[in-house]
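This report refers to the structure that appears directly beneath it.
The values are calculated or read from the model by the stated rules, or taken from the named source; none is laboratory data. Note that this is a predicted model, so its numbers are computed, not measured. Backbone-built Cβ (ideal geometry, glycine too); neighbour counts: all protein chains shown. Accessible surface is based on the protein model in full, side chains and every heavy atom, while ligands, DNA and RNA are left aside. Shrake-Rupley method; radii C 1.70, N 1.55, O 1.52, S 1.80 Å.
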Amino acid sequence: MSKHGDRARQALMDSAEELFARHGIDAVSNRRITEHAGTANHSAVAYHFGTRDQLILAMVDRHLSATGERRAQRLAALGDDVGLRDLVAAGILPVVEVLAALPVPSWRARFLRQARSVPSVVAVLATRAGHPDGLEFLARHTPLSTDEGSRKVMQARVGIVSHLVFGVCAEYEARVEDDDEEGTWLDVGYFLVDSVVGLLTAPVTHRSSYLPRSSVPGLV
């Protein structure tokens, strides 16, 4: 793709990210996205992405590409004796590092939080292979009890992680926009690492037949 075409795609994704974050994904039309991006071609989304669903997937992939590189570096730097906290930090810190590097105001965390909860978008994300939040390796590598009940509880807890991460990040992103933040993105990152480690290592007091289900492969 030409540099002009790549810039046009980026502008459309930036426009959609802001509008989705401010007004809600289902409330924003493709035409409004193109107008906010400064293009007179109202079919630009179809031209550059094909469908609205493909636009949303491209927006998610853009985030995953940025966090994936950082996460791979962190994982490669871990030694043989890897603890749970190391894995959790390798999963979460790249997310906040990418968010911290965005211009202010940024909208990505608020878009990604919606992508975890809006039914129309959840259905789109469910069509792809793997977990589009980039945190699926926690489910693979978190030490699990050999007891089946405890294993199911742990897997359910892992499913909560991305809801927690993007909920907290979205709230902090909004405070940064309002110039009402306390601390830094790095502080947010370590707060989340501590919280997730606590969630995953909390004792299991009752193995109920009810276990919360993740809303299907969700985001990071």
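Taking only pairs six or more apart or across chains, which ones have beta-carbon atoms under 8 Å, a first residue in region 182-207 that is in contact (Cβ under 8 Å) with a residue 60 or more places away in the chain and open to solvent by less than 90 Å² (accessible area, probe 1.4 Å), and a second residue that is assigned to a helix (DSSP H, G or I) and among the hydroxyl-bearing types (S, T, Y)? Here the result reads W185/Y172; V188/Y172, each pair linking region 182-207 to a residue that is assigned to a helix (DSSP H, G or I) and among the hydroxyl-bearing types (S, T, Y). Do you know which residues across region 79-121 are modelled with pLDDT of 90 or more, exposed (fewer than 15 other Cβ atoms within 10 Å of the Cβ) and among the β-branched types (V, I, T)? Result: V104, single match. Pairs meeting the criteria (first residue in region 10-27 and without any contact (Cβ under 8 Å) to a residue 24 or more places away in the chain, second residue among the β-branched types (V, I, T) and outside any helix (DSSP H, G or I), beta carbons under 7 Å, at least 6 apart or on different chains) are L19/V28.
Here L125 does not fit the description of being over 15 Å from M13 (Cα atoms), more than 15 Å from the chain's Cα centre (by Cα) and surrounded by 15 or more Cβ atoms within 10 Å (Cβ to Cβ).
Quick check on region 78-88. Is at least one of its residues of a type in the set (K, R) and over 11 Å from the mean Cα position of the chain (by Cα)? Outline the logic, then answer.
Narrowing region 78-88 to residues of a type in the set (K, R): 85.
Right, trim to over 11 Å from the mean Cα position of the chain (by Cα) and you get 85.
Yes, because at least one residue in region 78-88 is of a type in the set (K, R) and over 11 Å from the mean Cα position of the chain (by Cα).
Among all positions in region 128-137, there is at least one residue which is open to solvent by less than 70 Å² (accessible area, probe 1.4 Å), at pLDDT below 75 and not in a loop (DSSP other than H, G, I, E, B).
Which of the residues that make up region 162-184 are more than 15 Å from the chain's Cα centre (by Cα) and in a helix (DSSP H, G or I)?
Within region 162-184, the subset more than 15 Å from the chain's Cα centre (by Cα) is 174-184.
Answer for region 162-184, where residues must be more than 15 Å from the chain's Cα centre (by Cα) and in a helix (DSSP H, G or I): A174, R175, V176, E177.
In region 7-31, of all residues being touching a helix residue (DSSP H, G or I) at 6+ places or on another chain (Cβ under 7 Å) and over 23 Å from L102 (Cα atoms), the one that is surrounded by the most Cβ atoms within 10 Å (Cβ to Cβ) corresponds to N30.
Take the conditions farther than 15 Å from V88 by Cβ, in contact (Cβ under 8 Å) with a residue 24 or more places away in the chain and β-branched (V, I, T) and apply them to V176. Does it pass? If you could, list the steps in order and put the result at the bottom.
On the way: farther than 15 Å from V88 by Cβ: yes; in contact (Cβ under 8 Å) with a residue 24 or more places away in the chain: yes; β-branched (V, I, T): yes.
Judged against the criteria, V176 is a match.
When region 143-171 is limited to residues that are buried (at least 20 other Cβ atoms within 10 Å of the Cβ) and not hydrophobic (A, V, I, L, M, F, W, C), the one that is modelled with the lowest pLDDT turns out to be G159.
Residues checked against (1) within 20 Å of V124 (Cα to Cα); (2) of a type in the set (F, W, Y); (3) not in a loop (DSSP other than H, G, I, E, B):
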position: F20; (1), (2), (3): yes, yes, yes
position: H42; (1), (2), (3): no, no, no
position: M59; (1), (2), (3): yes, no, yes
position: G68; (1), (2), (3): no, no, yes
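Residues of region 26-40 being of a type in the set (A, V, I, L, M) and either in a loop (DSSP other than H, G, I, E, B) or within 18 Å of the chain's Cα centre (by Cα) (or both), which ones? Please lay out each step first, then the result.
To start, the set of residues in region 26-40 that are of a type in the set (A, V, I, L, M) comprises 27-28, 33, 37, 40.
Within region 26-40, V28, A37, A40 meet the criteria.
Looking across region 34-78 at every residue that is more than 30 Å from A89 (Cα to Cα) and in contact with a Lys or Arg (Cβ under 7 Å, 6 or more places away or on another chain), the one that is most open to solvent (accessible area, probe 1.4 Å) is identified as H42.
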